[in-house]
Amino acid sequence: MFTSTAMARFDWSEYREYQPQAAVLRFAAARPEPLGQLLIWPEQQQLHQWLAMAPWWQDRGWELVLLLPDPQQSYFDPAAEKVSDAQQTWVTTLGERLAPIFERQPELPQVVLTQGSASLWYQQLIQTGTLPAPSGLMVLNATPSDKATQQMLAMSLSRSDWPVLDLFSTRQPVSLLNQKLRRHASAREQADYESITIHSPLFSSRIMAAWITRHGWMPLPPGAPDFLKGVTPNETGLSRSQDTGSGREAAPAKP
């Protein structure tokens, strides 16, 4: 899930999918009407992996939108008790920039993935009504080092009315603490929270697609592989929490 700073530095304007007004890369689905939209808000300097995923989602009928992260999302403190004028101005500007991107079509599922510090700002912007709620939320390595911030994020996720997939690239003490906080604080139905550790980026799209399929946002094709049915493959580099919290039925196949 990670890449070096050097690999992550590139000129977005070189991509024909780049929309400078919104500072996003928008990859259209490989069909006239998309099945859904995957909107990714990355951590600063962690962009390369997401670009490589775009064709995979396009081929499966999904639009993928990749936001250009703002360096200040790691500089300002979303848990600050006293918000500075500079931070408030930045949050307001950020919300104005993102609101048109996050607009939803009611009939089209919109799944959002936030990475690192973006998870904190996204939850804040939803809670203030600046951004609409997603169909489902995936958070990757949302492990703030400050315990108070961890608790704030845990409570925010637990109060969400949408399913949450909590993804971690490594099983470190801080990630385990986050899982315990979010599960312990959870006031939601158990089926709405799932935690998975991914040790290799090769499995990232498949794990995400399996979760999306189990929630009925992606049709289950005939002869679907086990990973789309929620069966964990016996492959090196992939582990899954035993407490999946997934009690939903798989999406039916299209006739």
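Checking R171, R183 one by one, the residue that is more than 27 Å from W217 (Cα to Cα), in contact (Cβ under 8 Å) with a residue 40 or more places away in the chain and of a type in the set (D, E, K, R) is R171 and no other. Going through (1) surrounded by fewer than 20 Cβ atoms within 10 Å (Cβ to Cβ); (2) among the small types (G, A, S); (3) within 28 Å of L51 (Cβ to Cβ); (4) touching a residue at least 40 places away in the same chain (Cβ under 8 Å) one by one, S195 falls short only on (1). Surrounded by fewer than 21 Cβ atoms within 10 Å (Cβ to Cβ) and in contact with a helix residue (DSSP H, G or I) (Cβ under 8 Å, 6 or more places away or on another chain), is that true of L177? In short, yes. Can you give me the number of residues within the range 171-205 that are among the hydrophobic types (A, V, I, L, M, F, W, C), outside any helix (DSSP H, G or I) and modelled with pLDDT of 75 or more? Final tally of qualifying residues: 2.
Could you tell me whether the range 145-157 includes any residue that is in contact with a strand residue (DSSP E or B) (Cβ under 8 Å, 6 or more places away or on another chain) and of a type in the set (D, E)?
No, the conditions are met nowhere in the range 145-157.
In this structure, is A142 part of a loop (DSSP other than H, G, I, E, B), closer than 16 Å to E43 by Cβ and touching a helix residue (DSSP H, G or I) at 6+ places or on another chain (Cβ under 9 Å)? So A142 fits the description; yes. Restricting A30, A80 to those that are open to solvent by 10 Å² or more (accessible area, probe 1.4 Å) and closer than 28 Å to L153 by Cβ reduces the list to A80. Residues satisfying the criterion are present in the range 43-53 (criterion: more than 19 Å from R206 (Cβ to Cβ), open to solvent by 20 Å² or more (accessible area, probe 1.4 Å) and among the charged types (D, E, K, R)).
The values are calculated or read from the model by the stated rules, or taken from the named source; none is laboratory data. If you're wondering where the values come from, they're calculated on a predicted model, not measured in any experiment. Methodologically, a virtual Cβ is constructed for each residue, glycine included, from the backbone with ideal geometry; neighbour enumeration extends over all protein chains shown. Remember, those area values only see protein heavy atoms, side chains included, never the ligands or the DNA or RNA. Shrake-Rupley method; radii C 1.70, N 1.55, O 1.52, S 1.80 Å.
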